[in-house]
Amino acid sequence: RPSEALDAARAGTIDLVVTTRPLNGLPVPHVLISPLLLSDDLLVVERALQHHARSRRVAQLRSTRPYFSEDLFTHDEGASVRERDEVINELCARLADAGAVGDEFEASVRAREAAGSTCFFERFAIPHAIEMNARRTAFCIMTSRAGVRWGGPIVRLVLMISVRREDREQFMTMFDSIVRAVGSPELLPRLERARTLDEFLAVLLDQ
């Protein structure tokens, strides 16, 4: 009923309203369709859902901005392909120097990697610890011109994540949003070319 939809929207328990009658004052997006639910109506609803899903993903990505910092971003201009172990060591050291993780973090990252590669689609890697034992949640990023041999594939983007136990729930959403965004065929080549954090975030967050 219209009154129930209005109450739910105002309470923040729904994100999108599909209605057959005009509703004024809705604080959330809504779609007006025919009571007969014609094929055109289904197309309108589908587009609205796609738009809402994309807007939500972008909002989730933008919420990760506080976890990025200049001292945890590096671009490697070297001409030689680097090895996974060397890069894991470097990024863990950067996180430790920034005070984000303790001495136990690197061992947990390596244990996670031994259990299964954190390389996605043979294009990029998101290494992280098995335990959420970080002092603070943070992203440590390396873009590489020559690439990093991640087991078999060569990747040009490594995004290491340290996660504080208190951020567990947010991490699950954050991880999914990051994988979806970085895995985009349109975004990944631009992210790989980023030489500064500002360039990287301009691609990742300003979609």
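Name the shape class, rounded, prolate or oblate, that the alpha-carbon gyration tensor gives for the stretch 91-207, where a ≥ b ≥ c are the square roots of its eigenvalues, rounded holds for a/c under 1.5, and otherwise prolate holds if a/b is larger than b/c and oblate otherwise.
prolate
Given a 1.4 Å probe and the protein chains all in place, what does the accessible area of SER63 round to, in Å² to the nearest 10?
Accessible area, nearest 10 Å²: 60 Å².
Where does the charge balance sit around PRO153 when Lys and Arg score +1, Asp and Glu -1, over other residues with C-beta under 11 Å from its C-beta?
Summing Lys/Arg as +1 and Asp/Glu as -1 gives +3.
Determine the sum of side-chain charges near SER34: Lys and Arg each +1, Asp and Glu each -1, restricted to other residues whose C-beta is under 13 angstrom from that of SER34.
Here the charged neighbours net out to -1.
Taking the Cα centre of the stretch 140-185 as origin and charging only Cβ (+1 Lys, Arg; -1 Asp, Glu), how large is the dipole, in debye to the nearest 20?
260
The values are calculated or read from the model by the stated rules, or taken from the named source; none is laboratory data. Keep in mind the model is a prediction, meaning the values are calculated, not measured. Glycine also receives a Cβ, built like all others from the backbone with ideal geometry; neighbour counts cover every protein chain displayed. The accessibility values were calculated without ligands, DNA or RNA, using every heavy atom of the protein model including side chains. Shrake-Rupley method; radii C 1.70, N 1.55, O 1.52, S 1.80 Å.
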